[in-house]
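Written below as structure tokens is the structure these notes are about.
The values are calculated or read from the model by the stated rules, or taken from the named source; none is laboratory data. This is a predicted model, so every value here is computed, not measured. Note that we place each Cβ from the backbone using ideal geometry, even for glycine, and neighbour counts take in every protein chain shown. Protein only, heavy atoms only, side chains kept; ligands, DNA and RNA dropped before computing areas. Shrake-Rupley method; radii C 1.70, N 1.55, O 1.52, S 1.80 Å.
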Amino acid sequence: MAEAGIRAGCRAYFGYPITPQNELLEYMAAHMPKVGGIFIQAESEVAAINMCYGASAAGARTMTSSSSPGISLKMEGISYLAGADLPTVLINVVRGGPGLGNIAPAQGDYFQATKGGGHGDYRMIVLAPATIPESIELVMLAFELADRYRVPVMVLADGMLGQMMEPVLFPEPVDPAALPAKPWAITGARGRRPNRISSYFLDPAELSARNVKRQRRYQQIEEQEIRYEEHETADATLVVAAYGSVARIARTAVRMARSEGIKLGLLRPITVWPFPYSPLRALSRRVDAILTVEMNAGQMVEDVRLAVAERAETPFYGKLGGLVPTPKDILREVKRYAS
Amino acid sequence: MPVNAKSMVKVFERPKSLTDVQFTYCPGCHHGLVTRIIAHTIDELGLQERTVVVAPVGCSVSMYEWFHFDGIQASHGRACAVATGIKRVNPHLIVFTYQGDGDLAAIGTAESIHAANRGENITVVFINNQIYGMTGGQMAPTTLIGQWATSCPTGRDPALAGYPIRFAEIVAQLDAPVYVTRQSLYDQKRIMATKRAIKKAFQYQVEDKGYSLVEILANCPTNWRMSPVETNRRLADEVVKSYPLGDLVDRV
């Protein structure tokens, strides 16, 4: 993911050590200087996200990464980035929580990521990779989307993705000098009016106008950027809804179920915001049940239920505290609803 | 005798680096002086097209509106981290933060110290008026012992709230900073000294020397509940006893 960031043209990375994502920071420390980029190990996650805020305002493609407790600390900064319309890419390698929790894979940060963990009325594009090759693809995409919509974009990974290895093919690197200009950036007011980057608008009418404008951009994102994958859903009577590592495990469960004659499919949101409500709505009209499986106590299932609106059963199966569901666990749950 | 305009020499004018937007500072407040001194300095050094102000949370929250150069608003306490990000991406820019005592020495202690310790080539202007101005006069980390504030209604008690924090001294013991000074504004001589200090700090940044901190003992007539004249007297007679004036570090 670090290499993908560099290839996406990121030339400013700021981070603070936290397991299970230290390799990312260490990779940046070793490789950012080779491309003339900036690496700073900040004094805290709070400082790191604010360095991103400054670097992004100065026009650079910027990135930070952390894991759950560290992401909580970045939430204030994310709100400011959103409020000042600054692009930045954040990687959250989610671990068990709440509190210090543990360093095992988990998905307990779904609400925080998709519903606005910081204050104020903002949204953040959230991309959820299920494999390492897809992580690379989505990190590259994250930079494109961040710049296109001037929003912070989060790549929501988990401790399993953070600690595994897979062969990958890297795409060709992007030349930062060839990226579209950012006329709004802080570059020195030479031959132009001064640029101001701020989220502070004391006049309610002005703040409202800016917020309304931003909400329109969010609407555009919802119309154009929803990404998801459907697997074996054409004839399915039952569907598992899962994202990230869990979706990968669920794929195996689908194969196992199919070998036993159960018509199981999988819907995997790739963007968890914007969430693929429409495809779930469509599925809910022709399946008996949509089983949501997560490594938490039931977070994405709320979005699934919003989409399904009681047209089908919407049970939930979750593993907590850093425990990872096995394909057998999922199959066992599926069988409860297949009968 | 008719006045010949051509023979008159302009000895005082609005700095070019100031916009027409009216300050939101209270009457008699030293913030206005420092804001003007900075604008004047940027003019003198010819840096208007390269300068970036990082505005804090506090009475100067929207100060980027007053300067005729690029500006950015930082979240409370994080100005030095924001300045770090800007300066590292574009070292050609002249980046300064303008922060009060709550912003720099309470909520932003970590960012303020670590930017100094990394020797970021930025200029930090620190307004020490011993109180939270914008929020209505609460105790600051710099509030003097016994000083009244709305959140220490019987005066600052060190048993409860510790002692006035001498931030310039904390920064001065680090290896990286090149210029650390404490100035004040209670009379003309001090104002001129502050002007010289700010100019030196910016000059060092232009020369890539590194991090500078200019701490300025300032007033807050509104929340000290004094006339501006009384605040100047208090600064000269009492405040400087807790915060000695002068250069602490000048490594250039």
To the nearest 10 square angstrom, how much accessible area does A:Met256 have with a 1.4 angstrom probe? 50 Å²
Show me you know the interface measure: the accessible area buried between A and B, both chains summed, probe 1.4 Å, in Å² to the nearest 100. 2600 Å²
If DNA, RNA and ligands are ignored and the probe is 1.4 Å, what is the ranking of A:Trp184, B:Trp66, B:Trp148 by accessible area, most exposed first? B:Trp148, A:Trp184, B:Trp66
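For the range A:48-117, divide the Cα radius of gyration by the Kirkwood radius and give the resulting Rg/Rh value with two decimals.
Looking at the range A:48-117, the ratio lands at 1.00.
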Using +1 at the Cβ of each Lys and Arg and -1 at the Cβ of each Asp and Glu in chain A, identify which of A:Gly118, A:Leu291, A:Tyr218 lies farthest towards the dipole's positive end. A:Tyr218
Is there a quick way to get the dipole size of chain A? I mean about its Cα centre, with the Cβ of Lys and Arg at +1 and of Asp and Glu at -1; what is the value in debye to the nearest 20? 580 debye
Reachable lysines from A:Lys74, criterion Cα separation under 18 angstrom, eight or more residues apart if same chain: A:Lys115
With the radius of gyration and the Kirkwood radius both derived from the Cα set of the range B:92-134, what is their ratio Rg to Rh? 1.00
Largest-first ranking of A:Ile125, A:Ile262 by accessible area, probe 1.4 Å, whole protein assembly kept, is A:Ile262, A:Ile125
With label points set 7 Å from each Cα along the Cα-to-Cβ direction at A:Glu225 and B:Val240, the distance between them in nm comes to 5.6 nm
Can you pull the Kirkwood radius for the protein assembly as shown, inverse mean 1/r over Cα pairs, to one decimal in Å? 26.0 Å
Taking B:Leu18, A:Leu202, B:Leu245, A:Leu169 and ranking on accessible area (1.4 Å, protein atoms only), highest first, one gets A:Leu169, A:Leu202, B:Leu245, B:Leu18
B:Asp175 accessible area, nearest 10 Å², 1.4 Å probe? 130 Å²
For the range A:328-337, in residue order, the Karplus 3J(HN,Hα) values (coefficients 6.51, -1.76, 1.60; θ = phi - 60°; whole Hz; Gly and Pro = x) are 5, 4, 5, 4, 4, 5, 4, 4, 4, 9
Förster radius 51 Å - calculated FRET efficiency between B:Arg196 and A:Leu320 (Cβ-Cβ, nearest 0.05): 0.25
What is the distance in Å between the Cα centres of the range A:74-151 and the range A:158-189? 15 Å
Listed residue pairs exceeding 29 Å between alpha carbons, taken from B:Lys87/B:Lys200; B:Lys6/B:Lys189; A:Lys182/B:Lys200: B:Lys6/B:Lys189; A:Lys182/B:Lys200
Which residue fluctuates most in the GNM of chain A (Cα springs below 10 Å): A:Ala205, A:Ala236, A:Ala247? A:Ala205
Ranking B:Ser112, B:Pro141, B:Gln203 by how far each Cα lies towards the positive end of the charge dipole of the range B:111-242 (+1 on Lys and Arg Cβ, -1 on Asp and Glu Cβ), the top one is B:Gln203
For the range B:33-45, just list the computed ³J(HN,Hα) in residue order, Karplus coefficients 6.51, -1.76 and 1.60, θ = phi - 60°, integers in Hz, with x standing in for Gly and Pro. 4, 5, 4, 5, 4, 4, 4, 4, 4, 4, 4, 4, 8
Whole number please: convex hull volume per residue of the Cα set in the range A:228-338, in Å³? 83 Å³
Using the C-alpha gyration tensor of the range B:22-250, what are the square roots of 5 times its eigenvalues, in whole angstrom, with the largest one first? 26, 18, 17
For peptides A:60-67, B:102-109, sequence by mean Cβ density within 10 Å, most packed first: A:60-67, B:102-109
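Can you list, largest first and rounded to whole Å, the semi-axes you get for the range B:116-182 by taking the square root of 5 times each eigenvalue of its Cα gyration tensor?
Largest first, the range B:116-182 gives 28, 13, 8 Å.
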By how many nm would the segment from A:Ala209 to A:Glu166 grow when fully extended, if each residue of separation counts as 0.36 nm and the alpha-carbon distance is taken off? 10.8 nm
When the charge dipole of the range B:22-250 is computed with +1 on Lys and Arg Cβ and -1 on Asp and Glu Cβ about the Cα centre, the Cα farthest towards its positive end, among B:Val54, B:Thr35, B:Ile72, belongs to B:Thr35
Taking the Cα centre of the range A:141-187 as origin, work out the dipole magnitude from +1 charges on Lys and Arg Cβ and -1 charges on Asp and Glu Cβ, in debye rounded to 20. 280 debye
Can you work out the FRET efficiency for the pair A:Ser259 and A:Lys115, with r the C-beta to C-beta distance and R0 = 35 Å, to the nearest 0.05? 0.40
With every protein chain left in place, what is the accessible area of A:Asp329 in Å² (1.4 Å probe, nearest 10)? 20 Å²
Chain A, helix-only ellipticity at 222 nm - DSSP H runs n ≥ 4, -39,500 (n - 2.57), divided by all residues, nearest 500: -12500 deg cm²/dmol
Average beta-carbon neighbours from other chains, 10 Å sphere, peptide B:45-52: 4
Multiply the residue separation of B:Val229 and B:Leu45 by 0.36 nm, subtract the distance between their alpha-carbon atoms, and state the gained length in nm to one decimal. 63.1 nm
HN-Hα couplings for the range A:31-44 via Karplus (6.51, -1.76, 1.60; θ = phi - 60°), in whole Hz with x for Gly/Pro, come out as 9, 4, x, 5, 9, x, x, 10, 10, 10, 7, 6, 7, 6
